[in-house]
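The values are calculated or read from the model by the stated rules, or taken from the named source; none is laboratory data. Given the structure is predicted, the values throughout are model-derived calculations rather than measurements. Here the Cβ positions follow ideal geometry from the backbone for every residue, glycine too, while neighbour counts run over all protein chains shown. Quick note on the areas: whole protein, heavy atoms, side chains included, nothing else; ligands and nucleic acids left out. Shrake-Rupley method; radii C 1.70, N 1.55, O 1.52, S 1.80 Å.
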Amino acid sequence: MALTILLGAQWGDEGKGRVTDLLSEDADVTARFSGGDNAGHTVTVGTGAQAQTFKLHLLPSGVIQPRTVNVLGNGMVINPARLRAEMAALAQVGITLSPERLKLSHAAHLITPAHVALDKAEEEARGADRLGTTGRGIGPAYTAKISRGGLRAELFTDPEALADKIAAHVARVNQTLTSQYGAAPLDADAVASEYAEHAQALAPYITETSLYLDGRLKAGAHVIAEGAQGSLLDIDHGTYPFVTSSSPTTGGVLTGLGVGPRYIDRIIGVTKVFQTRVGEGPFPTEAFGAEGDRLRGTGANPWDEYGTTTGRPRRCGWLDLVLLRYTIRINGLTELVLTKLDVLSGLECVRLCTGYRDSAGRLHAELPFGPADLAPFTAEYEDLPGWSEDVGAARRPDDLPAAARAYIDRISALTGVPVSLVSVGPERSQIIRL
Ligand code: IMP
């Protein structure tokens with residue numbers, strides 16, 4: 001057994017969570033390595049009338065498997081209030097996470113209300129140039145980390161140092177909030193006492209998680225590195241500046257967990273069979289009007305294209321293979337998982353973007369300078385015949401209409417990567433192994 005990496009191959013919201021749910025059935029450890037509560041992942045606990053649905057933002061999906069250990073790695077930024085709220089919600093249905101089952105890296109960074117206030121103030125000040133952040137303090141917490149002024153989770157084991165650092169941190173942020181943004185300052189004492197309480201509750205979970213993971217991997221455990229967000233939101237490789245502040249890519253797994261590459265076995269990229277994006281930024285295959293609405297769904301179902309974290313309607317469009325080939329390259333993906341094939345049923349024609357045309361009429365199969373500036377390009381499509389059949393009941397490749405199989409094969413042929421799973425609906429059983 002070894003390290004399986006599971007990543008979003010688009011702009012996030014690819015349906016990674018359900019794939020991790022599936023894989024975590026035989027995982028010993030599931031680990032988050034980047035991001036924070038900007039992520040959103042819906043899991044269902046129990047079946048039938050007893051089924052309960054949770055929105056996890058920080059905890060890895062292994063929390064619902066009784067024997068899986070869950071790691072929040074050093075590459076994450078953790079809002080302790082949100083973490084405790086998630087743990088409390090799970091405790092209500094009998095899932096109590098002891099320090100044996102949940103391990104929080106001493107080197108993960110903490111998000112405070114001051115980071116959240118800064119995120120909102122910065123976003124407001126950007127005006128028309130806003131990034132569309134989730135407002136969870138992610139950018140300011142990572143900024144503090146990189147500028148070496150961050151608060152690490154290890155402070156939870158040292159209450160005195162924590163109180164001093166929080167006081168200094170809030171005072172510093174208050175200065176920026178009031179002088180630069182004309183925003184209200186925070187009450188430093190209130191934040192300090194709130195964090196003293198978080199420290200007491202979470203100190204038992206603080207672990208040297210790199211050492212823990214190395215020990216488990218050496219002993220043959222199966223570890224799943226669970227990606228949040230998507231590769232195109234990567235701070236280095238994404239559609240900068242419309243990105244998040246972390247590395248939700250293969251490189252981020254290694255630094256965000258403190259493990260070496262020799263344990264990696266599979267690198268799975270999850271992509272929808274169409275494209276979605278939340279927030280701002282160019283989107284060459286975006287579909288507008290009725291076409292976009294058709295892909296988005298009405299919002300009546302929890303799996304329609306509305307944000308898990310913010311509730312915002314997602315922008316929708318056709319699958320972009322220029323971008324997919326790019327995310328395959330930067331991550332070294334060894335296989336693809338396609339989600340939401342059922343959404344395309346009933347369309348007369350399904351489109352794949354195979355290249356970009358620039359303003360001089362030149363065709364590009366690869367991006368000349370990465371995906372940061374997509375605005376000058378128009379998408380070139382290959383149109384394939386659609387299928388009218390509902391595919392929700394398909395369980396084997398042979399159950400799929402020939403046109404749907406041809407569409408999947410074409411994605412694999414144009415990217416050079418095998419497709420291992422295809423989802424045809426929101427239920428656990430609605431996954432076809434190819
Ligand atoms: P931030 O991560 O809150 O700073 O937001 C930066 C950008 O990343 C915004 O466009 C967000 O909408 C996007 N983003 C962050 N997390 C997710 C996610 O889990 N799914 C989809 N988009 C996300």
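Anything in region 84-122 that is in a loop (DSSP other than H, G, I, E, B) and in contact (Cβ under 8 Å) with a residue 12 or more places away in the chain? List them, or say none.
Pass one, region 84-122, residues in a loop (DSSP other than H, G, I, E, B): 92-101, 106-108, 111-112.
Hits for region 84-122 are VAL93, ILE95, LEU97, PRO99, GLU100, ARG101, HIS106, ALA107, ALA108, ILE111, THR112.
Just to be sure, is GLU348 within 13 Å of the ligand (Cβ to nearest atom) and farther than 23 Å from LEU23 by Cβ? Working first, answer last.
Working: within 13 Å of the ligand (Cβ to nearest atom): no; farther than 23 Å from LEU23 by Cβ: yes.
Criteria not met by GLU348.
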Checking ARG172 against (1) within 25 Å of ILE235 (Cβ to Cβ); (2) under 25 Å from the mean Cα position of the chain (by Cα); (3) more than 14 Å from the ligand (Cβ to nearest atom); (4) surrounded by fewer than 23 Cβ atoms within 10 Å (Cβ to Cβ), only one condition comes out false. Which one? (2)
Matching residues in region 261-292 (more than 22 Å from TYR240 (Cβ to Cβ) and free of Cβ contacts under 8 Å to residues at least 60 places away in the same chain) number 8
Just need a number here: residues in region 238-260 that are within 16 Å of the ligand (Cβ to nearest atom) and either free of Cβ contacts under 8 Å to residues at least 24 places away in the same chain or part of a loop (DSSP other than H, G, I, E, B) (or both). 12
Criterion: touching a strand residue (DSSP E or B) at 6+ places or on another chain (Cβ under 9 Å), open to solvent by 40 Å² or more (accessible area, probe 1.4 Å) and of a type outside the set (A, V, I, L, M, F, W, C) - qualifying residue of GLU291, GLU305, GLU335: GLU291
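Does ILE166 fit the bill of being under 30 Å from THR276 (Cα atoms) and either free of Cβ contacts under 8 Å to residues at least 60 places away in the same chain or buried (at least 18 other Cβ atoms within 10 Å of the Cβ) (or both)? Don't jump to the end; show me each part of the working.
Working: under 30 Å from THR276 (Cα atoms): no; either free of Cβ contacts under 8 Å to residues at least 60 places away in the same chain or buried (at least 18 other Cβ atoms within 10 Å of the Cβ) (or both): yes.
Here the answer is no, as ILE166 does not meet what is asked.
Okay, residues lined up against (1) of a type in the set (Ser, Thr, Tyr); (2) exposed (fewer than 14 other Cβ atoms within 10 Å of the Cβ); (3) under 15 Å from TRP318 (Cβ atoms):
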| residue | (1), (2), (3) |
| --- | --- |
| TYR381 | yes, no, yes |
| SER388 | yes, yes, no |
| ALA393 | no, yes, no |
| LEU400 | no, no, no |
| ALA403 | no, no, no |
| ALA406 | no, no, no |
| ILE411 | no, no, yes |
| LEU414 | no, no, yes |
Mind checking whether some residue in region 103-116 is of a type outside the set (A, V, I, L, M, F, W, C), open to solvent by 30 Å² or more (accessible area, probe 1.4 Å) and out of contact with any helix residue (DSSP H, G or I) (no Cβ under 9 Å at 6 or more places or on another chain)? no
Being away from the ligand (no atom under 16 Å from the Cβ) and crowded, with 23+ Cβ neighbours inside 10 Å is the requirement here; does VAL223 meet it? yes
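Only one of these is under 23 Å from VAL29 (Cβ atoms), free of Cβ contacts under 8 Å to residues at least 60 places away in the same chain, part of a helix (DSSP H, G or I) and open to solvent by 10 Å² or more (accessible area, probe 1.4 Å): ALA196, ALA203, ALA190. Name it. Let's see the steps before the verdict.
Working: ALA196 fails: under 23 Å from VAL29 (Cβ atoms); ALA190 fails: under 23 Å from VAL29 (Cβ atoms).
Being under 23 Å from VAL29 (Cβ atoms), free of Cβ contacts under 8 Å to residues at least 60 places away in the same chain, part of a helix (DSSP H, G or I) and open to solvent by 10 Å² or more (accessible area, probe 1.4 Å) holds for just one of ALA196, ALA203, ALA190, which is ALA203.
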Top-ranked residue in region 338-366 [being hydroxyl-bearing (Ser, Thr, Tyr) and modelled with pLDDT of 95 or more; ranked as surrounded by the most Cβ atoms within 10 Å (Cβ to Cβ)]: THR339
Consider GLY150 against the criteria (1) part of a loop (DSSP other than H, G, I, E, B); (2) crowded, with 20+ Cβ neighbours inside 10 Å; (3) within 20 Å of the chain's Cα centre (by Cα): it satisfies all of them except one. Which criterion is unmet? (3)
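So which residues in region 131-147 are near the ligand (Cβ under 10 Å from one of its atoms) and either on the phi > 0 side of the Ramachandran plot or not in a loop (DSSP other than H, G, I, E, B) (or both)?
Once the filter is applied, which keeps residues that are near the ligand (Cβ under 10 Å from one of its atoms) and either on the phi > 0 side of the Ramachandran plot or not in a loop (DSSP other than H, G, I, E, B) (or both), region 131-147 yields GLY132, GLY135, GLY137, ILE138, GLY139, PRO140, ALA141, TYR142.
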What's the total number of residues in region 261-288 that are open to solvent by 30 Å² or more (accessible area, probe 1.4 Å), within 16 Å of the ligand (Cβ to nearest atom) and within 25 Å of PRO60 (Cβ to Cβ)? 1
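Scan the strands (runs of 3 or more DSSP E) fully inside region 1-78 and keep the ones with 2 or more residues being open to solvent by 10 Å² or more (accessible area, probe 1.4 Å) and either within 14 Å of the ligand (Cβ to nearest atom) or in contact (Cβ under 8 Å) with a residue 40 or more places away in the chain (or both).
On the way: elements: 3-8, 29-32, 41-45, 52-56, 69-72.
The qualifying strands (runs of 3 or more DSSP E) are 41-45, 52-56.
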From TRP318, TRP303, grab the single residue that is of a type in the set (Phe, Trp, Tyr), within 22 Å of GLY132 (Cβ to Cβ) and touching a Phe, Trp or Tyr at 6+ places or on another chain (Cβ under 7 Å). TRP318
List pairs: first residue in region 141-154 and over 18 Å from LYS120 (Cα atoms), second residue assigned to a helix (DSSP H, G or I) and open to solvent by less than 70 Å² (accessible area, probe 1.4 Å) anywhere in the structure, Cβ distance under 6 angstrom, at least six positions apart or on different chains. GLY150/ALA144
